[in-house]
Every structure is written in structure tokens, then in C-alpha cells.
1. Would you work out the charge dipole size for the chain about its Cα centre, treating the Cβ of every Lys and Arg as +1 and the Cβ of every Asp and Glu as -1, and quote it to the nearest 20 debye?
2. For helix 76-101, what angle does its Cα long axis make with the longest principal axis of the chain, in degrees from 0 to 90 and rounded to 10?
3. With r as the distance between the Cβ atoms of Glu73 and Ala28 and R0 = 22 Å, compute the FRET efficiency 1/(1 + (r/R0)^6) and round to 0.05.
4. Over the Cα atoms of the chain, each weighted equally, I'd like the Debye log10 I(q)/I(0) at q = 0.11 Å⁻¹, rounded to two decimals.
5. Hey, what do the phi angles of region 29-37 turn into as Karplus ³J(HN,Hα) couplings, whole Hz, using 6.51/-1.76/1.60 and θ = phi - 60°, x for Gly and Pro?
Amino acid sequence: MVYAVVLAARNKRIDWTVLGAVGVIEVALLAQLVVGIVQLAGTDRHVSGPFFVGYLIGSLLILPIGAFWALAESSRWGAGALAIACVVIPILELRLHDVWTA
């Protein structure tokens, strides 16, 4: 996120370094989706399944949407859109933790 903000401040487009980092985070979020669904299926705790799976899927979709938007936008706002998408991920992760522990 910090690098995307720096690119936006310098009025530059995103580069392959940012896309590579987004790809690594996306693989980790995909692994979290699989592990989360397996844990949800095996738990006896009261967890709101639709909300939990919704947050897992939502966190998986945010970064590709932000990356495609950043690639489509040729101004500094492309990197800004990706930075905002990167900020949304920790917020969704906190909410996901709240749903799991509630």
C-alpha cells in the first residue's frame, strides 16, 4: 500500500513490482479462503457462515478489482485506487476475525 501511495504521489502508474506483491497477497488470501471454509465446516462454535464466507470471498476479490482499476487508469488515481484496495484488506480481515470470534 505504501508503495502504491508513493507512486500516486509521484504521478506514476503501477509497475510489475506492485503487481507481484498483489499476486503474493492474493495467493495468501486464497489459502485463507480454503483454510477458513475447512475450519468453518469442522467447528461446533456458533459462527455466522454466510457472513464468514462472504468476508473471505470479498477479501479475495478486492485486490484484483483494485489492480485492474489501477491498470486501466493511466493517471495517478490508478495507483491511488490500488492503495485504497490495499487498505480495505486489513479492515475486512479485522471484521472476519470479529465474525469468527463472536
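1. Using only the charged Cβ atoms, the result is roughly 320 debye.
2. Tilt relative to the chain: about 10 degrees.
3. Working: r = 25 Å, r/R0 = 1.15.
So the FRET efficiency works out to roughly 0.30.
4. For the chain, the Cα-only Debye profile gives -0.38.
5. Once rounded to whole Hz, the list reads 5, 5, 4, 5, 4, 5, 5, x, 5.
All of the numbers you see were taken from the coordinates with simple rules; none came from a lab. Only a predicted model underlies this, so the values are computations on that prediction, with no experimental measurement involved. Every residue, glycine as well, gets a Cβ built from its backbone with ideal geometry; the counts of neighbours run over all protein chains shown.
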